[in-house]
Each structure stands twice: as structure tokens, then as C-alpha cells.
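Trainee: Got a structure for you, questions after.
The values are calculated or read from the model by the stated rules, or taken from the named source; none is laboratory data. Model, not experiment: these values are computed from the prediction. Here the Cβ positions follow ideal geometry from the backbone for every residue, glycine too, while neighbour counts run over all protein chains shown.
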2 protein chains.
Amino acid sequence: MTFTRTTEYALRALGYMASREGEMLSADQLHAKLKIPKKYLQRLLTDLKRSGLLKSVRGRNGGFILSRRTGDITLAEIVHAVEGTRTRPECFFGFAKCALDVPCAMHDVWIRSQSTVQEALQTTRLADIAGTTFR
Amino acid sequence: MTFTRTTEYALRALGYMASREGEMLSADQLHAKLKIPKKYLQRLLTDLKRSGLLKSVRGRNGGFILSRRTGDITLAEIVHAVEGTRTRPECFFGFAKCALDVPCAMHDVWIRSQSTVQEALQTTRLADIAGTTFR
DNA sequence: GTAATATGCTACCCCAATATAGTATATATT
DNA sequence: AATATATACTATATTGGGGTAGCATATTAC
Ligand code: SF4
Ligand code: SF4
């Protein structure tokens, strides 16, 4: 289970924004802080706005701000917002569907490892990574 | 931690070959069985041969055969043979390097999940997936 | 009203993974 | 020798993620 670079960008950006809850931050500020390619970040932020996670204000002194409280947004939600329909691998070998009576030697570790991360994503909120992650 | 499609192909192909240890199998047979794009599989098999995991025989009745015993080849070896230098993500957020005093909320789950799979790859051998996986 | 600073939008470019096509070469069968 | 069936090799398309460029639009400061 790996995430696209774009998803990482989103998590980083929102993670940082969480550490400055209530402040309006411009794409440029975030770019300077997080070293994410400016234009690409700009578009990503617009997307996150469109998906409802951010609110934006145009014009001078404008920028982006979280639309909900940091304790209210799970990482899973963010991943989903960014990756949309992107499918996660189910079978370790990439089989579309597996008709095995007995799971193969990799099945358990794989599934367990995946669901562990998945569960962490669902229980971890922006507030949880705001303080420790970015300064 | 996810693998490229090519890696999956390699694991499937070798996994199947393991279930027919000692038999010489052509790219065409493997293609028919595993539905991997013919020409792409062909090249992959040649690569696996070049990397030493397979031996090949040209001409009529030719094909590929594992160059070592199925109990002797770890999945980790295969992954490495195919992916070569490809880097695995270390930080969940994709930070090149993290200068945190205290690991963030995702760190542990992430690392643990990764190393679990990694360890399984190192301890699981072709023989272990030969019987159960493909029929 | 004009300049400065934002976001919003559209149209590209780049690259690596994936996939396909065609030809050359080797070998067993006949 | 001819044919069929393999691998080996090379060149080329396709695709999606990532990244860039430029202009349109909104808003504040002066
Ligand atoms: S049992 Fe093995 S082959 Fe079947 S879905 Fe699980 S990982 Fe894939
Ligand atoms: S502590 Fe968090 S930010 Fe730092 S390396 Fe680990 S996952 Fe990445």
C-alpha cells in the first residue's frame, strides 16, 4: 500500500495547516514552507477546496483555510478526497480475483499489513499530526 | 508498500512455474495461463533469465525453467531482481528526511506494516506459494 | 483607478511504467 | 532442406502521474 506523491503533498499541506489552525495561508506560503512545486500545489489546493476540505478566499490577503476543525478530519478522508476512485491492491500478487480454497502464504501478512494502515488512517485525525509533524 | 505491476507479473509467473518445478514452460504457455500480455511477459522472462533466476532454451520445445530449487528462492530475491534500485518509501508523508524529536502519529504503524511485509518476503520462498496459489 | 497579490482555469510538457510490433536467431521435427 | 516453434533483440506506441506556463478573475491597498 503506497500513496501517490500527490496524496503525500495533500497530507503534508493539510498537516501543516492543521498546526496553524484558524490562519489563512496562501499557496505561496505553503510552497515556501513545504517545498511542494508551486503551481502543482496551487492546483491541488483548489482541488481540496472543491472537495470541501478547504475554503478559499481570492484576491489580496486571500488563501486557504481548513473548512472543519482539525480534530474532525481523518487522514482517510483526505486520502480518499485526493485519490478518488484509485483502487487499492487486494491480492498481493495482483490477481483480480482469487479463487483459492486456502489462502496462499502471503495473504495474511498482506491483508493484515494493509488493514493496519487503513485503520490508522481512519482513526488518525489532522489534529493528531498537527503538533508533531511540521514546525 | 506496493509493487509495480511488473513485479506482480514476475511473482505470478515464477509462482506458477514453481508449481510445475522441473518442467520447461514457454512464454506462450505462461501467457495463456496467467493472462499476462504476451510480449511484455516474454521480455520479463528474458530479464529474469539474465538476472539468473531462470534458464532458457531457444528453439522448438524451448522455454524457461527455474535455475534453482523452489525452496531456495525467496520472494524478496525476486522483487529485488525485478525492481532493482527502486526505492521504498520511508516516511509516510514522503518527507525526504524527517527531523522530528518525537515520531508523528503515523510513523509506527507505517514502519511496522512495511517491515512486516518485508520480513515475509524474506522468509517466504517460491515453494511456499507454489502449491496453494495457482492451479 | 491602478497596482499588487491572491485564486481559478486551461493547455500544455515530461517521464517512467506498461504494452505492442517486427525482425533476427536458434533448434526440433519432418 | 524446409517448416514450425521457440527465445532474443530493438524500436515504437500508450498511458497516467507529475510538473510548468500563461492568462483570467477577484480583492485589497494605495
Ligand atoms: S490468497 Fe494469495 S493469491 Fe489469493 S488473493 Fe490472497 S494473496 Fe492473492
Ligand atoms: S515521524 Fe512522521 S514525518 Fe517523520 S519520518 Fe516518521 S512518518 Fe515521516
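Trainee: Of the numbered conditions (1) surrounded by fewer than 20 Cβ atoms within 10 Å (Cβ to Cβ); (2) over 22 Å from A:PHE92 (Cα atoms), B:LYS35 fails exactly one; give the number of that condition.
Mentor: Just one mismatch for B:LYS35, condition (2).
Residue-wise test of (1) aliphatic (A, V, I, L, M); (2) more than 15 Å from the chain's Cα centre (by Cα); (3) outside any helix (DSSP H, G or I).
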{"residue": "B:GLU8", "(1), (2), (3)": "no, no, no"}
{"residue": "B:LEU11", "(1), (2), (3)": "yes, no, no"}
{"residue": "B:MET17", "(1), (2), (3)": "yes, no, no"}
{"residue": "B:HIS31", "(1), (2), (3)": "no, yes, no"}
{"residue": "B:TYR40", "(1), (2), (3)": "no, yes, no"}
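Trainee: Then there is this: Select the helices (runs of 4 or more DSSP H) contained entirely in the stretch B:70-135, then report the ones holding at least 1 residues which are more than 9 Å from chain A (Cβ to nearest Cβ) and loosely packed, with under 14 Cβ neighbours inside 10 Å. Step through it out loud before you land on a result.
Mentor: Values: elements: B:75-83, B:107-123, B:126-133.
Fully inside the stretch B:70-135 and qualifying: B:107-123.
Trainee: Then there is this: Any residue in the stretch B:44-62 that is surrounded by fewer than 18 Cβ atoms within 10 Å (Cβ to Cβ) and within 14 Å of another protein chain (Cβ to nearest Cβ)?
Mentor: no
Trainee: Among what's in the stretch A:83-105 and is at pLDDT 85 or above and of a type outside the set (A, V, I, L, M, F, W, C), pick the residue that is farthest from DNA strand D (Cβ to nearest atom).
Mentor: A:PRO103
Trainee: How many of the residues making up the stretch B:18-55 are under 16 Å from B:THR7 (Cα atoms) and of a type in the set (D, E, K, R)?
Mentor: Residues in the stretch B:18-55 being under 16 Å from B:THR7 (Cα atoms) and of a type in the set (D, E, K, R): 7 in total.
Trainee: Now, a different point. Among residues belonging to the stretch B:18-62 that are among the polar types (S, T, N, Q) and either in contact with a helix residue (DSSP H, G or I) (Cβ under 7 Å, 6 or more places away or on another chain) or under 22 Å from B:VAL79 (Cα atoms) (or both), point out the one that is farthest from DNA strand C (Cβ to nearest atom).
Mentor: So the residue we want is B:SER19.
Trainee: Residue pairs, Cβ under 9 Å, 6 or more apart or interchain, first in the stretch B:35-63 and more than 17 Å from B:TYR16 (Cα to Cα), second more than 11 Å from DNA strand C (Cβ to nearest atom) and assigned to a loop (DSSP other than H, G, I, E, B). List them.
Mentor: Partner pairs satisfying both residue conditions: B:GLY52/B:SER67; B:GLY52/B:ARG68; B:ASN61/B:SER26; B:GLY62/B:SER26.
Trainee: Consider A:GLY22 against the criteria (1) on the phi > 0 side of the Ramachandran plot; (2) assigned to a strand (DSSP E or B): it satisfies all of them except one. Which criterion is unmet?
Mentor: Here A:GLY22 clears every test but (2).
Trainee: Same structure again: Sort through A:SER51, A:SER67, A:SER19 and tell me the only one that's of a type outside the set (A, V, I, L, M) and touching a strand residue (DSSP E or B) at 6+ places or on another chain (Cβ under 7 Å).
Mentor: Numbers: A:SER51 fails: touching a strand residue (DSSP E or B) at 6+ places or on another chain (Cβ under 7 Å); A:SER19 fails: touching a strand residue (DSSP E or B) at 6+ places or on another chain (Cβ under 7 Å).
Going through A:SER51, A:SER67, A:SER19 in turn, the sole match is A:SER67.
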